[in-house]
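Accompanying notes for the structure given below.
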Amino acid sequence: MILFILKRIGYAAPVALGVSLVCFLLVHLAPGDPLSAILPVDATAEMQAQMRSAYGFDKPLPVQYGLWLWKVLHGDLGTSIATGRPVLAEVGRAVGNSLILASMATLIGFTFGTFFGFVAGYARDSWLDRVASSIAVFGVSVPHYWLGIVLVIVFSATLGWLPPTGAGPQGSGNWVPDIEHLRYILLPAITMSVIPMGVISRTVRALVGDILHQDFVQALRAKGLSEFGVFRHVVKNAAPTAIAIMGLQLGYLLGGSILIETVFAWPGTGFLLNAAIFQRDLPLLQGTILVLAMFFVTLNLLVDVVQTALDPRIERA
């Protein structure tokens, strides 16, 4: 198992390097001047040259990438052009908030998706199957930003049950696990959970339907094992694939939550990316994208390890 983990880490290293290169090039190839947000309109050519030299924009792109990568490897993501604060501090706070929101959404989506998937898988071609499958199709089809706006209109503007935006009372930028802050995370978490719920539900339905028709299940029932005992074996066989899907969905939610976080003004990476794009803040944009990409690479590595530990039949090569 240790050798398997070391091999997976070896495979992840060139992927991480390639991601850093793509991240750097895409941001620099975008049109616009990143210093236009902080330079005055009447800035002299000398002042512009000084600012470009201070941020390293006067050097060739390969040199800029090498210097940037060297700093990243030492934990320095640079300084935000718009705020003047360290990018690592800005991204760290935002990643924490996004991870809380994505984890909550994944938990909700995995719980309900697994439930609907098992119901549909056990009641194949029945009205329960059609209802559960319809809910799953709705989850993967509805635009989540539109659903978020609808939920805000219904539960905040009309009923007044839940707050529409923010992570806490009085514009708090940090979420803490208490009842008051829980009210702020419910709407964005429910909105984000519909896509993983639909994906996991459809996956589990297919897995359960396939497992129930395998020979070992018929043998277990022929031996007189109770339905609960058979259910435990079905869960054990479906768990590795379901957990892999859950891990991927967590990564997708963490990196693709920009619309949801903008709708609910949630102070996470999506909200930070939106601000960095409009302010043309290259160091902040690079740092945020890189951290999200590295998180996704690490998450894939952890999913591989957990999946292999749960199912020894998976080849450890």
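The values are calculated or read from the model by the stated rules, or taken from the named source; none is laboratory data. Remember, predicted model here, so these are calculated numbers, not experimental data. Reconstructed Cβ throughout: ideal geometry from the backbone, glycine too, with neighbour counts over all protein chains shown. Keep in mind that these areas ignore ligands, DNA and RNA; they rest on the heavy atoms of the full protein, side chains included. Shrake-Rupley method; radii C 1.70, N 1.55, O 1.52, S 1.80 Å.
Go through F231, F264 for me and flag whichever is at pLDDT 80 or above, aromatic (F, W, Y) and under 24 Å from the mean Cα position of the chain (by Cα). Quick ask: steps written out before the conclusion?
On the way: F231 fails: under 24 Å from the mean Cα position of the chain (by Cα).
Being at pLDDT 80 or above, aromatic (F, W, Y) and under 24 Å from the mean Cα position of the chain (by Cα) holds for just one of F231, F264, which is F264.
So L187 fits all but one of (1) closer than 30 Å to R93 by Cβ; (2) at pLDDT below 80; what number is the exception?
So L187 meets the others, but not (2).
Would you call P169 touching an Asp or Glu at 6+ places or on another chain (Cβ under 9 Å), closer than 25 Å to V154 by Cβ and surrounded by fewer than 14 Cβ atoms within 10 Å (Cβ to Cβ)? Give the derivation first.
Values: touching an Asp or Glu at 6+ places or on another chain (Cβ under 9 Å): yes; closer than 25 Å to V154 by Cβ: yes; surrounded by fewer than 14 Cβ atoms within 10 Å (Cβ to Cβ): yes.
Criteria met by P169.
Return the pair list, or none, for Cβ contacts closer than 6 Å from residues in region 58-86 that are closer than 14 Å to L282 by Cα to residues that are at pLDDT below 80 and part of a loop (DSSP other than H, G, I, E, B), at least 6 apart or on different chains.
Q64/G56; S80/D281; I81/I38; I81/D281; A82/D281
Which condition does G10 not pass, out of (1) over 28 Å from the mean Cα position of the chain (by Cα); (2) open to solvent by less than 80 Å² (accessible area, probe 1.4 Å); (3) at pLDDT 75 or above, if it passes all the others?
(1)
For region 63-151, give me every one of the helices (runs of 4 or more DSSP H) that falls completely inside it and has 3 or more residues that are open to solvent by less than 40 Å² (accessible area, probe 1.4 Å), of a type outside the set (A, V, I, L, M, F, W, C) and under 30 Å from L162 (Cβ atoms).
87-122
Looking at region 270-293, which of its residues are part of a helix (DSSP H, G or I), open to solvent by 20 Å² or more (accessible area, probe 1.4 Å) and either under 17 Å from M51 (Cβ atoms) or without any contact (Cβ under 8 Å) to a residue 12 or more places away in the chain (or both)?
Selection gives I277, F278, Q279.
What are the pairs with Cβ atoms under 8 angstrom where one residue, in region 158-184, is under 26 Å from A89 (Cβ atoms) and outside any loop (DSSP other than H, G, I, E, B) and the other, located anywhere, is modelled with pLDDT under 80 and open to solvent by 60 Å² or more (accessible area, probe 1.4 Å)? Sequence gap at least six, or different chains.
P169/E180
Would you confirm whether or not region 182-189 contains a residue that is out of contact with any strand residue (DSSP E or B) (no Cβ under 9 Å at 6 or more places or on another chain), β-branched (V, I, T), under 18 Å from T106 (Cα atoms) and in the same structural domain as G96 (by the TED database)?
Applying the first criterion (out of contact with any strand residue (DSSP E or B) (no Cβ under 9 Å at 6 or more places or on another chain)) to region 182-189 yields 182-189.
From what's left, β-branched (V, I, T): 185.
From what's left, under 18 Å from T106 (Cα atoms): 185.
Imposing the further condition that a residue be in the same structural domain as G96 (by the TED database) reduces the set to 185.
Within region 182-189, one or more residues are out of contact with any strand residue (DSSP E or B) (no Cβ under 9 Å at 6 or more places or on another chain), β-branched (V, I, T), under 18 Å from T106 (Cα atoms) and in the same structural domain as G96 (by the TED database).
Of all the residues that make up region 214-258, how many are under 20 Å from V119 (Cβ atoms) and among the acidic types (D, E)?
Selection size over region 214-258: 1.
Scan region 99-124 and report the pairs whose first residue is closer than 28 Å to A293 by Cα and whose second residue is of a type in the set (K, R), with Cβ atoms within less than 9 Å and a gap of 6+ or a chain change.
G113/R202
Go through region 248-269 and count every residue that is buried (at least 20 other Cβ atoms within 10 Å of the Cβ) and either farther than 18 Å from V19 by Cα or in contact with an Asp or Glu (Cβ under 7 Å, 6 or more places away or on another chain) (or both).
11
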